[in-house]
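All remarks here apply to the structure that follows.
What follows is calculated from the coordinates using simple rules that are stated; it is not laboratory data. Being a predicted model, the structure only gives us computed values, none of them experimental. Neighbour counts run over all protein chains shown; Cβ positions are idealised from the backbone, glycine included.
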Amino acid sequence: MKKNIAAIIFAAGKGVRMKSTTPKVLHEICNRPMINYVFDLVNDLKIKDSVLVLGHQAERIKKTIAPGLKVKIAVQKKLAGTADAVKTALKKVGSSSDTVLILYGDIPLLKKDTVSKLIGYHRSTGADLTVLTAVTDKPKGYGRIVRDRYNTVSRIVEEKDADEVEKDIKEVNTGIICFDKKKLSSLIGRVRPNNKKKEYYLTDLIGIFYDKDLQVEGMKITDISESLGVNSRVELGLANAIMQKRINEKFMQAGVGIIDTNSTFISFDAKIGPDTMIYPFTVIDNNVKIGARCSVGPFAHLRQGTRLENDCLVGNFLEVTRSTIGSKTLAKHFGYIGDSSIGRSVNIGAGTVTANFNKGKKNLTVIKDGSSIGSDTIFVAPVVMGRNSITGAGSVILSGSNIPDNSIVAGVPAKQLKNKR
Ligand code: UD1
Ligand code: MG
């Protein structure tokens, strides 16, 4: 019989230490709410049945994550602890599963391979409960793994309830646990809030299973950074750096050149073609597509809706947003290009600005193939510039202008000169 797994994802907590009005799991890592990485994990593991536990700001979280996502929601009325969260979620878990996997909305860096290994271990040992543990020199804040004289996991003691000897234990609970569903369901009611926080701790089940002679296993994680829990903005920053490194490495493996991964910030959803070079201090936001053999940066900011076709150059101190830049177009030095459609083989001089915003409205700039824009040209949008035309340095192209093909314009406001290009 094929065994099915159901996942329970914790996301009810307040995230007090974030000191934010935004619920913790909606804080972004590489431009994306951190909880989405956990949904990806569930998806990659092909888990069909998942229950998200919400509580604090449940409505807001639901709204952000709802579109197209197949996840059931269980709302915890009072945040009475992680065992109470599981009890609430179990009511929504379908009947086809025999194993329950506990995941956390605020543990966003876990890799599929690690969780697959945990599930494999849980199955091959025939355990009733398998906890993913981590060995660390900084166990502070985590539940400590207590093992008996046969080295079997016998209990988890939370930091607040641990004595001095227990506090010295270097093996900690990552929080990720696999349970036999039947045994979990029948024993979850045994958990009592006998601790400093007066909460129902899921971790008490380890001792309860052990005392009942059920099989309890622990599997140590290889790379402890994967189990990083985000509780504060400092940890959010750490998680962001780790995720950014992964994203950058993925691009490098696909043939994108990144000179300095520490100063290159690429959104999780960017598309970048091979042999494109990204120079340091470049920020690439959501919904950006870059072709092959382009050169971007240093100090470039490509914002939402930027499209660079192949063989473009977007150089130093350039900001581009909601714009398409055609192939072989060069914009080498500082400037702003917004709400623009720039053709192929255009040369954009230093300091060019599209003044797109007027009377609360964003206006379009169109620059057609083969044109040459003199340094410090300002396009007061809406503006259309024909093919193979030229603007003189310092030109101001007034709003509503429609510059014909093959012409030359110059001055403030720019006027068409008699000589053609
Ligand atoms: C928990 C574990 C600890 C482990 C650590 C790993 C317990 C009792 N302790 O401690 O052993 O080392 O995680 O990061 O489980 N939540 C709910 N409903 C609640 C309470 C919490 O959904 O009623 C959620 C929180 O949003 C959070 C998660 O459960 O995502 C863990 O809760 P938290 O209070 O952060 O537990 P820790 O003290 O971190
Ligand atoms: Mg926590």
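Computed values, structure above
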item	result
Two-site FRET efficiency, residue 406 against residue 304, from Cβ-Cβ distance with R₀ of 51 Å, rounded to 0.05	0.90
Residue 143 long-range amide H proximity, modeled H, under 5 Å	159, 173
Table column - 3J(HN,Hα) (Hz), the stretch 179-192, Karplus curve with 6.51, -1.76, 1.60, x for Gly and Pro	10, 5, 5, 4, 5, 4, 5, 7, 9, 4, x, 7, 5, 10
The stretch 125-222: chymotrypsin sites (Phe, Trp or Tyr not before Pro) in DSSP loop, at most 16 other beta carbons within 10 Å	150
Cα centroid separation, the stretch 196-265 to the stretch 358-414 (Å)	51 Å
Separation in nanometres of the label points that stand 7 Å from Cα toward Cβ, at residue 40 and residue 249	1.4 nm
Difference of contour (0.36 nm per residue) and Cα-Cα distance, residue 198 to residue 95	33.9 nm
Cβ-Cβ FRET estimate between residue 19 and residue 357, R0 fixed at 25 Å, reported to 0.05	0.15
Local electrostatic count, residue 216, Cβ distance below 12 Å [Lys/Arg +1, Asp/Glu -1]	-2
Amide H within-cut-off set for residue 323, under 5 Å, with H built and near neighbours excluded	306, 307, 339, 340
Packing rank of 128-136, 356-364, 256-264, where each peptide gets the mean count of other beta carbons within 10 Å, highest leading	128-136, 256-264, 356-364
Debye, to nearest 20: dipole size of the stretch 8-60, +1 on Lys, Arg Cβ, -1 on Asp, Glu Cβ	240 debye
Where labels lie 7 Å past Cα in the beta-carbon direction, separation of residue 418 and residue 116 in nm	7.5 nm
Computed magnitude of the charge dipole of the stretch 195-296 (debye, nearest 20; Cβ of K, R +1, Cβ of D, E -1)	280 debye
³J(HN,Hα) computed for each position of the stretch 273-289 - Karplus, 6.51 cos²θ - 1.76 cosθ + 1.60, integer Hz, glycine/proline x	x, x, 6, 7, 10, 10, 8, x, 6, 10, 10, 10, 7, 4, 6, 10, 10
For the stretch 125-136, Karplus couplings with θ = phi - 60° (6.51, -1.76, 1.60), whole Hz, Gly/Pro x	8, x, 5, 8, 8, 10, 10, 7, 10, 9, 9, 8
Dipole-positive endmost among 338, 396, 276 within the stretch 274-421 (Cβ charges, Cα centre)	396
For residue 101, net neighbour charge (Lys/Arg +1, Asp/Glu -1) across residues whose Cβ lies under 11 Å away	0
Under 12 Å, Cβ to Cβ, from residue 160 - net charge with Lys/Arg +1 and Asp/Glu -1	0
Label-to-label distance, nm, for residues given as residue 78 and residue 399 (7 Å Cα→Cβ offset)	6.0 nm
